[in-house]
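The values are calculated or read from the model by the stated rules, or taken from the named source; none is laboratory data. Quick caveat, the model's predicted, so the values are computed rather than measured. Neighbour counts run over all protein chains shown; Cβ positions are idealised from the backbone, glycine included.
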């Protein structure tokens, strides 16, 4: 079966719609995601799957997934065959998880693992991660209901071609007990710069979310840090609840977080406009002049620019452009866009930091 090859530089330069567009409540809610965990009858769960059986399952799933009618070309990447830089690009785009596509420094890649995704990147299907299938639908802004509808449509198209492991009593069976039932994980990525400046208020918001059964995580999900004031909020347990109930929990709490973030922004602006203006100007100056910059430092300075844009203190570019820059300053994207030799091996961190600073100087100097 012929597979379109993925050129890392072109891939890094062209982002999917959900990554850079601004959707509903886009000043606070960057993206929405719905993920469905499914397992295929006749195969052990991934934790008991031998490399040979994993490869067999992946080979059986490839023509099914690539043949789905999703209105867009579907790309297929086998993780074991993917170059290190492509694995990292897929992770940075949230198309795969760290578990599916670890770096060589973390652990070797596992046979039978793959990902299918649309060219627009609004649908991603991981194969043999924690479960046989992880179906993801992604949308810009606060659009959880829309992402759910899209994930369901993809799920139904797949289920018409094969049989899932499902029981009348427990619903969809999954490797992790917390996913049993609907197998659904709904999440939103939030940008909360004002609440991060007033940590006592941020802690109140997160405590309230956790009391309602929601989890608050960093930029890359479970086990990650909140770089650049970005946080993910998602449901934790699926058993005994319908998909509608799980989504409604997010739809109840997220608007409250949005209102709270906006109110704190307004209060900060009224109390210390000069201080905020200076903070934004300093960040812009650092990004325009630095010769070396880590990812975390760059995200922190870009967070201040986003806040300045929201509050009318800075107008150097659009929110959509800042969304794109946020993705493209990550290690894999920086190397793919800046390296001249086309190397697919990952560069060391010091060289990446230099390239990142050069990239930021370029894009901000031309007023993207």
Among the numbered criteria (1) under 30 Å from residue 234 (Cα atoms); (2) part of a loop (DSSP other than H, G, I, E, B), which single criterion is violated by residue 302? (2)
Pull up the stretch 250-283, narrow it to residues that are touching a strand residue (DSSP E or B) at 6+ places or on another chain (Cβ under 8 Å) and in contact (Cβ under 8 Å) with a residue 60 or more places away in the chain, then point me to the one that is farthest from residue 305 (Cα to Cα). 250
Is it true that some residue in the stretch 71-79 is at pLDDT below 90 and outside the structural domain of residue 352 (by TED's automatic domain parsing)? yes
Counting only residues that are under 21 Å from residue 9 (Cα atoms) and in contact (Cβ under 8 Å) with a residue 24 or more places away in the chain, the stretch 299-330 contains a total of 10
Go through the stretch 242-272 and count every residue that is surrounded by 13 or more Cβ atoms within 10 Å (Cβ to Cβ) and more than 24 Å from residue 24 (Cα to Cα). 2
Restricting the first residue to the stretch 189-210 and requiring it to be within 20 Å of residue 269 (Cα to Cα) and not assigned by TED's automatic domain parsing to the domain that holds residue 260, which pairs with a second residue that is modelled with pLDDT of 90 or more and surrounded by fewer than 21 Cβ atoms within 10 Å (Cβ to Cβ) meet a Cβ separation below 9 Å and a spacing of at least six or different chains? none
Residues to consider are 350, 303; find the one that is in contact with a strand residue (DSSP E or B) (Cβ under 8 Å, 6 or more places away or on another chain) and more than 28 Å from residue 5 (Cβ to Cβ). 303
Would you confirm whether any residue within the stretch 82-101 is assigned by TED's automatic domain parsing to the domain that holds residue 134, out of contact with any strand residue (DSSP E or B) (no Cβ under 8 Å at 6 or more places or on another chain) and surrounded by fewer than 13 Cβ atoms within 10 Å (Cβ to Cβ)? no
Any chance the stretch 236-258 includes a residue that's in a helix (DSSP H, G or I) and farther than 20 Å from residue 145 by Cβ? no
Qualifying position, being in contact with a helix residue (DSSP H, G or I) (Cβ under 7 Å, 6 or more places away or on another chain), surrounded by fewer than 20 Cβ atoms within 10 Å (Cβ to Cβ) and either within 30 Å of residue 306 (Cβ to Cβ) or without any contact (Cβ under 8 Å) to a residue 24 or more places away in the chain (or both), among 72, 7, 27: 27
